[in-house]
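Please read the structure below before turning to the comments.
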């Protein structure tokens, strides 16, 4: 089990990891060893995630989530398979943790009297500037 929050823990079987060849640092090693990790997590069918977290995670994932609800994280920052694997898992956990926090509801506010006055004064000054530009020019 991979702990995410106190209430959420992911089962290892829900995560699929595939190793692919990486671009970036590594010299000739890049051409021979598959060090990059492509982590796949089925958000849509995961029993570990509550419905609200699932919806927020889909919104947060953006382009990283496929149309069938599979989140794909590619990690190739490091030169070793193990480090990239850890990096991919940490990024998945961080994304789920972020989705686990419900957004703070917006408190509707009203503009103050002073801010309304400042806005109207600025509009008036701008209008006067524009009016001063107009006018007929005497060409005689």
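A few notes on this one:
- Gained length - residue 40 relative to residue 114, 0.36 nm times residue gap less alpha-carbon distance: 21.3 nm
- Once both labels are positioned 7 Å from their Cα atoms along Cα-to-Cβ, the gap between residue 94 and residue 64 label points is 0.9 nm.
- Most tightly packed first, judged by the mean number of other beta-carbon atoms within 10 Å of their residues, the peptides 117-126, 84-93 read 84-93, 117-126.
- Reported label for calculated Rg/Rh (Cα atoms, Kirkwood Rh) given (i) 1.05; (ii) 1.39; (iii) 0.99: (ii)
- Take 98-104, 54-60, 39-45 and order them by the average number of nearby Cβ atoms within 10 Å per residue, most first; the result is 39-45, 54-60, 98-104.
- Going by neighbour counts of Cβ atoms within 10 Å, the residues 112, 74, 80 line up, fewest first, as 112, 80, 74.
- Using R0 = 35 Å, the C-beta based FRET efficiency linking residue 128 and residue 52 works out to 0.10.
Where a number appears in this text, it was derived from the coordinates with a stated rule and is not lab data. All values derive from a computational prediction rather than experimental measurement. We place every Cβ from the backbone using ideal geometry, glycine too, and count neighbours over all the protein chains shown.
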